[in-house]
Amino acid sequence: MSLIAEIPAVLDAELIRADFPILQQEVNGHPLVYLDNAASTQKPRAVLDALAAYYEHDNANVHRGVHTLSVRATEAFELARGKVAALFGIADTAELIWTRGATEAINLVAWSWGLANLRAGDEVLLSVMEHHSNLVPWQLLAQRTGAKLRFLDIDDQQRLDLSNLDELLTERTKLVSIVHVSNALGTINPVREIAARAHAVGAVVLVDGAQSAPHLPVDVPSLGCDFYAFSGHKMCGPTGMGGLWGRRALLEAMPPFHGGGDMIEWVELEHSTYAPLPNRFEAGTPHIAGAVALGAAAEYLAGIGRDAILAHERTLLAYALERMSGIPELTVFGPRDPAERSGVISFTLGDVHPHDLGTILDAEGIAIRAGHHCAQPLMRRMGVGSTARASFYLYNTPQDVDRLVEGLGRARKLFGL
Ligand code: PMP
């Protein structure tokens, strides 16, 4: 039974789907239902075309050639930086550093800012819901510097528990690094409030925006943080491409992360001086085509409107949660208030192993994620080994939700629930 008629249309997802060639295929004899958007999103024609056009017409190295193609490649590369900066409300484009993704952006801060600023006895405040990308770099840094890691806990709805934030934030706290939207749960964290309270004790604040950049109308300066890490492949852009925004004063005071070509001003055999921002943190030949394509993705998302994308995902979320509430053995994790979550549903079905669920759904052309979602400590805190996760984006439809619910119904029968 479908309740689709009751759903108000926020976006014309059918029209949007036509922009995504990959969605036009069958998988295992069924039309593809792609619900693994928290892992990676699909790319619209505009992004694929930008990638091909760059290689077909403009391909050359940037920032060094005097020839026409190199000038064109440099212009396209820097134009893309402007497009992504505009999407996030970043006025000073030199504060936007290209990286391979959110992981590299966080590592950049850990090794450049962290090594220069953390001493034994200092503290870094994280949370138990962090992705491994926002845990392991700080563990490595703590081992190197003697700094201590502290953790915010979660409550029974898997929201951050801020009740002891004042105790955790002390003059020893030098950095607070928190995920904006949990990839494993969809929980949206109050990063603005956390940043304000962290600043009151003089801590620097990093926000892991890998899951907020694609899904929320993020205006980076208004978050009140000092660094914001994001990932291109989760916002319709290519893999191996992402970025770090940082406050100019902090970035300018930081030593380089990687050394090599493009990040220097003057090189002697024994020492060098470094280029101004952003090149200072972009050693070597960058992912030029990736930047150009991410610029196209930013333009595409801005054209549709991130408010509309969020509203669309919330509509799908509400519809899915309502339909899934009819499955008695289902446990859904995350906040009950839809305003506190993005379009991610993390769940278990009785004691069916999430991997088995993923395999059964895949046989019907439905792609979900099953596992620990690179958040093993969070899974342990929740008392589960893993969960199944369905995550929405702008091209998903209520019919996709129906297919998921029908697939879960079949899995129930198969497992005799
Ligand atoms: N943080 C979060 C919350 C994520 O979901 C991810 C990607 N799964 C990352 C960091 C890592 O991002 P990237 O793939 O760009 O390295």
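Give just the number: which of (1) under 16 Å from the mean Cα position of the chain (by Cα); (2) surrounded by 16 or more Cβ atoms within 10 Å (Cβ to Cβ) does ALA275 not satisfy?
Only one criterion in (1) under 16 Å from the mean Cα position of the chain (by Cα); (2) surrounded by 16 or more Cβ atoms within 10 Å (Cβ to Cβ) is unmet by ALA275, namely (1).
Restricting attention to segment 385-417, report how many residues are in a loop (DSSP other than H, G, I, E, B), hydroxyl-bearing (Ser, Thr, Tyr) and more than 14 Å from LEU349 (Cβ to Cβ).
3
Among the candidates GLY358, GLY343, single out the residue that is of a type in the set (Gly, Ala, Ser), surrounded by fewer than 23 Cβ atoms within 10 Å (Cβ to Cβ) and on the phi < 0 side of the Ramachandran plot.
Working: GLY343 fails: surrounded by fewer than 23 Cβ atoms within 10 Å (Cβ to Cβ).
So the residue among GLY358, GLY343 that is of a type in the set (Gly, Ala, Ser), surrounded by fewer than 23 Cβ atoms within 10 Å (Cβ to Cβ) and on the phi < 0 side of the Ramachandran plot is GLY358.
Counting only residues that are farther than 28 Å from GLY303 by Cα, give me the strands (runs of 3 or more DSSP E) lying completely in segment 169-281 with at least 1 of them. Outline the logic, then answer.
Values: elements: 173-179, 204-208, 227-231, 242-246, 264-267, 272-274.
Those strands (runs of 3 or more DSSP E) span 173-179, 204-208, 264-267, 272-274.
Residue by residue through segment 221-250, note down the ones that are within 21 Å of ALA196 (Cα to Cα), more than 9 Å from the ligand (Cβ to nearest atom) and buried (at least 24 other Cβ atoms within 10 Å of the Cβ).
If the condition is that a residue be within 21 Å of ALA196 (Cα to Cα), more than 9 Å from the ligand (Cβ to nearest atom) and buried (at least 24 other Cβ atoms within 10 Å of the Cβ), then CYS225, PHE227, TYR228, LEU244, TRP245, GLY246 are the ones that fit.
Determine which single condition ALA388 fails, assuming it passes every other condition in (1) free of Cβ contacts under 8 Å to residues at least 12 places away in the same chain; (2) closer than 26 Å to SER127 by Cβ.
That leaves (1) as the condition not met.
Examine segment 30-38 for a residue that is among the hydroxyl-bearing types (Ser, Thr, Tyr) and farther than 16 Å from GLU78 by Cα, and state whether such a residue exists.
Yes: one or more hits.
Consider PRO217 against the criteria (1) under 14 Å from the mean Cα position of the chain (by Cα); (2) buried (at least 24 other Cβ atoms within 10 Å of the Cβ); (3) more than 16 Å from the ligand (Cβ to nearest atom): it satisfies all of them except one. Which criterion is unmet?
If we test PRO217 against (1) under 14 Å from the mean Cα position of the chain (by Cα); (2) buried (at least 24 other Cβ atoms within 10 Å of the Cβ); (3) more than 16 Å from the ligand (Cβ to nearest atom), just (2) comes out false.
Please tell me if ALA275 is out of contact with any His (no Cβ under 6 Å at 6 or more places or on another chain) and touching a residue at least 24 places away in the same chain (Cβ under 8 Å).
So ALA275 fails the test.
Counting only residues that are within 13 Å of the ligand (Cβ to nearest atom) and in contact with a strand residue (DSSP E or B) (Cβ under 9 Å, 6 or more places away or on another chain), how many does segment 119-136 have?
Qualifying residue count, segment 119-136: 8.
Return yes or no: is LEU175 closer than 25 Å to SER346 by Cβ and crowded, with 16+ Cβ neighbours inside 10 Å?
On the way: closer than 25 Å to SER346 by Cβ: no; crowded, with 16+ Cβ neighbours inside 10 Å: yes.
No; evaluated as a whole, the condition is false for this residue.
Scan segment 66-75 and tell me whether some residue there is crowded, with 22+ Cβ neighbours inside 10 Å, at pLDDT 95 or above, hydroxyl-bearing (Ser, Thr, Tyr) and part of a helix (DSSP H, G or I). Reasoning before the result, please.
To start, the set of residues in segment 66-75 that are crowded, with 22+ Cβ neighbours inside 10 Å comprises 73.
Of the ones still in play, those that are also at pLDDT 95 or above are 73.
Going one step further and asking which of them are hydroxyl-bearing (Ser, Thr, Tyr), we end up with none.
No, segment 66-75 contains no residue that is crowded, with 22+ Cβ neighbours inside 10 Å, at pLDDT 95 or above, hydroxyl-bearing (Ser, Thr, Tyr) and part of a helix (DSSP H, G or I).
Those residues that are among the basic types (Lys, Arg) and under 26 Å from LYS234 (Cβ atoms), I need them from segment 31-86; list them, please.
Listed by number, the residues that qualify are LYS43, ARG45, ARG81, LYS83.
Need the failing condition index for ALA142 against (1) in a helix (DSSP H, G or I); (2) touching a residue at least 40 places away in the same chain (Cβ under 8 Å); (3) more than 21 Å from the chain's Cα centre (by Cα), just the number.
Among (1) in a helix (DSSP H, G or I); (2) touching a residue at least 40 places away in the same chain (Cβ under 8 Å); (3) more than 21 Å from the chain's Cα centre (by Cα), ALA142 violates only (2).
Conditions: (1) within 16 Å of the ligand (Cβ to nearest atom); (2) loosely packed, with under 15 Cβ neighbours inside 10 Å. ALA116 meets all but one. Number of the miss?
(1)
Could you list, in sequence order, the residues of segment 337-384 that are assigned to a strand (DSSP E or B), without any contact (Cβ under 8 Å) to a residue 60 or more places away in the chain and farther than 20 Å from ALA210 by Cα?
Listed by number, the residues that qualify are PHE347, THR348.
In this structure, does THR285 turn out to be surrounded by fewer than 17 Cβ atoms within 10 Å (Cβ to Cβ) and within 13 Å of the ligand (Cβ to nearest atom)? Reasoning before the result, please.
Numbers: surrounded by fewer than 17 Cβ atoms within 10 Å (Cβ to Cβ): yes; within 13 Å of the ligand (Cβ to nearest atom): no.
Here the answer is no, as THR285 does not meet what is asked.
The values are calculated or read from the model by the stated rules, or taken from the named source; none is laboratory data. Note that this is a predicted model, so its numbers are computed, not measured. Because the Cβ atoms are built from the backbone with ideal geometry, glycine has one as well, and the counts that use them run over all protein chains shown.
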